[in-house]
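Colleague: I'd like to ask some things about the structure below.
The values are calculated or read from the model by the stated rules, or taken from the named source; none is laboratory data. Treat the numbers as computed from the prediction; the structure is a model and nothing was measured. Positions of Cβ are generated from backbone atoms using ideal geometry, with glycine treated the same way; all protein chains shown enter the neighbour counts.
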Amino acid sequence: MTRRTDNLRLDPVDHLDIHPDDAARLRLQDGRPVTVESRHGQARLTVRITTQTSPGQVFCAFHFPKSGVNALTSNHADTVTSCPEYKVTAVRLLP
């Protein structure tokens, strides 16, 4: 739903936010594509290096169906809010 709001002016594409230390260790470059894989699926995103993400964690929004981010999560959802388990999904990054 957020892709139907003015939030798109802030970020017109989905990014994968990653801490600089992790990006250096994985040899990922800002603005370059990365494949994000989980045991449920994969997505292709653009790397955004930022200290707003903690080391060992990555973040991405779920704005655009084309990026495939929803394929990374399981079918399990919170019973109250129906939100998927995206906050606990383990992923692997491939340049």
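Colleague: How about the range 40-95: which of its residues are modelled with pLDDT under 80 and basic (Lys, Arg)?
Modeller: Lys66, Lys87
Colleague: Looking at the range 53-79, I want the residues that are closer than 18 Å to Ile18 by Cβ and in contact (Cβ under 8 Å) with a residue 12 or more places away in the chain and have a partner that is aromatic (Phe, Trp, Tyr) and surrounded by 14 or more Cβ atoms within 10 Å (Cβ to Cβ) with Cβ atoms under 7 Å, at least 6 apart or on another chain. Which pairs are those?
Modeller: That search, which allows pairs on different chains as well, returns Thr53/Phe59; Val69/Phe62.
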